[in-house]
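Asks: Input: one structure, supplied below.
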Amino acid sequence: MDTTRSLVYIAFCAAVIAVLAQVMIPLPLVPITGQTLAIGLVVTLLGKKYGTQAVCLYIMLGAIGLPVFTAFSGGLGVLVGPTGGYIIGFIPTAMIIGLYFEKFGYTYVHAVIANIIGMFVTLLFGALWLKLFANLTWSAAFISGVLPFMIAGIVKACIAATVGLTLKRRLQQAKLLQIIQ
């Protein structure tokens, strides 16, 4: 794929993550957001390489202070706050989802499995972060950082799989997404 087209896809998908990050259901410590849905959607659509680059671009934009994180927040303070582990975890999440697709292909069942695995990777990073930086016990980190998000995460994984594969197929049929795997 030509460099300009890949850069446009990466930038557009980083913007999609930023927009979906604003979809939020507040909870006491960490809100349920559209970010994880967006991560799964972007990687399902673009694959490991470009999907991970879009995630990294999104995180870099937020880190330099652009208001792309949840509730239009940005800056390094967000990355060292309670949600920082989830955000940092988006990078290995994207890579693992992409690796799964490379190994097993882009079927609906595999897309759901890849996105559920990705959801658990994000939750693992978030809980670990809460344990270390919010000084929670392991059980408190699990109860506040994983448990409330499991059902929503599975639903978002199914949505990311369905929408991501549909968009991918339609864009490929229109010859707008020819080379991305």
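The values are calculated or read from the model by the stated rules, or taken from the named source; none is laboratory data. Everything numeric in this text was worked out from a predicted model, so none of it was measured. Glycine also receives a Cβ, built like all others from the backbone with ideal geometry; neighbour counts cover every protein chain displayed.
Asks: Out of everything in the stretch 155-181 that is crowded, with 16+ Cβ neighbours inside 10 Å and over 15 Å from Tyr108 (Cα atoms), what residue ends up being modelled with the highest pLDDT?
Replies: Leu177
Asks: Filter the stretch 109-127 down to the residues that are over 21 Å from Ser144 (Cβ atoms) and crowded, with 23+ Cβ neighbours inside 10 Å, then identify the one that is farthest from the chain's Cα centre (by Cα).
Replies: Here the residue is Ala111.
Asks: Just to check your reading of the model, which residue among Thr93, Thr107, Thr83 is out of contact with any strand residue (DSSP E or B) (no Cβ under 7 Å at 6 or more places or on another chain) and either touching a residue at least 60 places away in the same chain (Cβ under 8 Å) or closer than 21 Å to Arg170 by Cα (or both)? Break it down into steps so the answer makes sense when it comes.
Replies: Working: Thr93 fails: either touching a residue at least 60 places away in the same chain (Cβ under 8 Å) or closer than 21 Å to Arg170 by Cα (or both); Thr83 fails: either touching a residue at least 60 places away in the same chain (Cβ under 8 Å) or closer than 21 Å to Arg170 by Cα (or both).
The conditions single out Thr107.
Asks: Mind listing just one residue for me: the one in the stretch 128-154 that is in contact (Cβ under 8 Å) with a residue 12 or more places away in the chain and either of a type in the set (Asp, Glu) or closer than 23 Å to Val42 by Cα (or both) and, of those, surrounded by the most Cβ atoms within 10 Å (Cβ to Cβ)?
Replies: Checking each candidate, the answer is Phe149.
Asks: Restricting the first residue to the stretch 159-177 and requiring it to be closer than 14 Å to Phe12 by Cα, which pairs with a second residue that is surrounded by fewer than 16 Cβ atoms within 10 Å (Cβ to Cβ) and of a type in the set (A, V, I, L, M, F, W, C) meet a Cβ separation below 8 Å and a spacing of at least six or different chains?
Replies: So the pair list comes out as Leu177/Leu171.
Asks: Residues being of a type in the set (Ser, Thr, Tyr), under 18 Å from Ile10 (Cβ atoms) and surrounded by fewer than 21 Cβ atoms within 10 Å (Cβ to Cβ): count how many of those fall in the stretch 67-108. If you could, list the steps in order and put the result at the bottom.
Replies: Filtering the stretch 67-108 for residues of a type in the set (Ser, Thr, Tyr) gives 70, 73, 83, 86, 93, 100, 106-108.
Checking which are under 18 Å from Ile10 (Cβ atoms) leaves us with 93.
Now narrow it down to the ones that are surrounded by fewer than 21 Cβ atoms within 10 Å (Cβ to Cβ): none.
Of the residues in that region, 0 qualify.
Asks: Go through (1) modelled with pLDDT under 95; (2) under 15 Å from the mean Cα position of the chain (by Cα) one by one and return the number of the condition Leu99 breaks.
Replies: All conditions are met except number (1).
Asks: Taking Arg5 and the conditions (1) over 21 Å from Val146 (Cα atoms); (2) crowded, with 18+ Cβ neighbours inside 10 Å, which numbered condition does it fall short on, given that it satisfies the others?
Replies: That leaves (2) as the condition not met.
Asks: Residues of the stretch 8-41 being surrounded by fewer than 20 Cβ atoms within 10 Å (Cβ to Cβ) and among the small types (Gly, Ala, Ser), which ones?
Replies: Across the stretch 8-41, the qualifying residues are Ala11, Ala15.
Asks: Are there helices (runs of 4 or more DSSP H) fully within the stretch 46-143 with at least 3 residues that are under 22 Å from Ile159 (Cβ atoms) and of a type outside the set (Asp, Glu)? List them. Before the answer, list the steps.
Replies: Details: elements: 76-79, 84-104, 108-133.
Where helices (runs of 4 or more DSSP H) fall fully within the stretch 46-143 and carry at least 3 residues being under 22 Å from Ile159 (Cβ atoms) and of a type outside the set (Asp, Glu), they are 84-104, 108-133.
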